[in-house]
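So the structure is just underneath, and the comments pick up after that.
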Amino acid sequence: MDLTQFLVVIPARKGSKGIPGKNRKLLNGKPLIQYSIDFALENFDRTQIYLSTDDEVILQIAEQNGIMATELRPSHLATDQASMQEVLKYIITKQEAVGNNYQGLILLQPTSPFRRSLDLIAMLKLFDDSVEMVVSVKESKLNPYFNLFEENEEGFMLKSKNSTALNRQESPKVYAYNGSIYLLKINALKSTNISDFTKVRKFIMPIEFSVDIDDSIDWEFAEYLIHSKTH
């Protein structure tokens, strides 16, 4: 699938409990949302990029960059209860209504400011006819076979998964979505919940490119990486 067959979506709600106004807060002198916009513009035609927001300021940023964000997101899609799938299906429907029938969708969450084009290119090579989604991940240090536990009915802690592993190195590797890049088949997105996808391939990113800003500690780590010349 060539790049022209993708719709690129950047979702940016106004609300953020961890960091108020997070998506427009300045990170090293520019709004956090701008990092995702810049990455999209480096790799795709601006007519393929759609920014979905309920924030007037972010809407203005989108317009300044010449990308699609012609209206604020409907209020029912701007709540904590609204799922990302609902938002994406709404955008797809709007695009198809004006004759834009894309085959794939690339989701770029604004909370992930550190992306590399070379990783996108590698992920596109994995995005063949056999998959529903290719997603960026990081190897998790927390492992249900070794150091993740659940509480039983008696209040005692038990391993989340049965295992005889004596250390993390002996345990099966597990991965966490890092929130950076999602490549999705639009037909699969329309018919199946993302959480129910069974044909998902991973692309492992280094920890320093897997920063997903959720709280003030994540923000400080992102600033540290920028100022330490890691990015």
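Read-outs throughout are calculated quantities, based only on the coordinates presented, and are distinct from any laboratory measurement. As the structure is a computational prediction, the values presented were derived from the model and not from experiment. Neighbour counts are summed over all protein chains in view; Cβ atoms, including those assigned to glycine, are modelled from backbone coordinates with ideal geometry.
Quick look at the numbers
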quantity: Test set (1) at positive phi; (2) assigned to a helix (DSSP H, G or I) - residue 76 fails condition number; calculated: (1)
quantity: Scan of the range 35-57 for residues that are assigned to a helix (DSSP H, G or I) and in contact with a Pro (Cβ under 8 Å, 6 or more places away or on another chain), ordered by number; calculated: 35, 36
quantity: Cross-chain or 6+ apart pairs with Cβ under 6 Å, the range 209-228 first and buried (at least 19 other Cβ atoms within 10 Å of the Cβ), then of a type in the set (D, E, K, R); calculated: 210/138
quantity: Qualifying positions in the range 9-23 - outside any strand (DSSP E or B), buried (at least 20 other Cβ atoms within 10 Å of the Cβ) and in contact with an Asp or Glu (Cβ under 8 Å, 6 or more places away or on another chain); calculated: 13, 23
quantity: Every residue from the range 163-191 that is hydroxyl-bearing (Ser, Thr, Tyr) and surrounded by 15 or more Cβ atoms within 10 Å (Cβ to Cβ); calculated: 171, 177, 180, 182
quantity: Extreme residue, nearest to residue 137 (Cα to Cα), among residues of the range 170-193 that are outside any loop (DSSP other than H, G, I, E, B) and among the aliphatic types (A, V, I, L, M); calculated: 176
quantity: Residues (out of contact with any Phe, Trp or Tyr (no Cβ under 8 Å at 6 or more places or on another chain) and of a type in the set (Val, Ile, Thr)) located in the range 145-200; calculated: 164, 192, 194, 198, 200
quantity: Filter result (more than 22 Å from residue 55 (Cβ to Cβ) and either surrounded by 11 or more Cβ atoms within 10 Å (Cβ to Cβ) or touching a residue at least 12 places away in the same chain (Cβ under 8 Å) (or both)) within the range 72-100; calculated: 96, 100
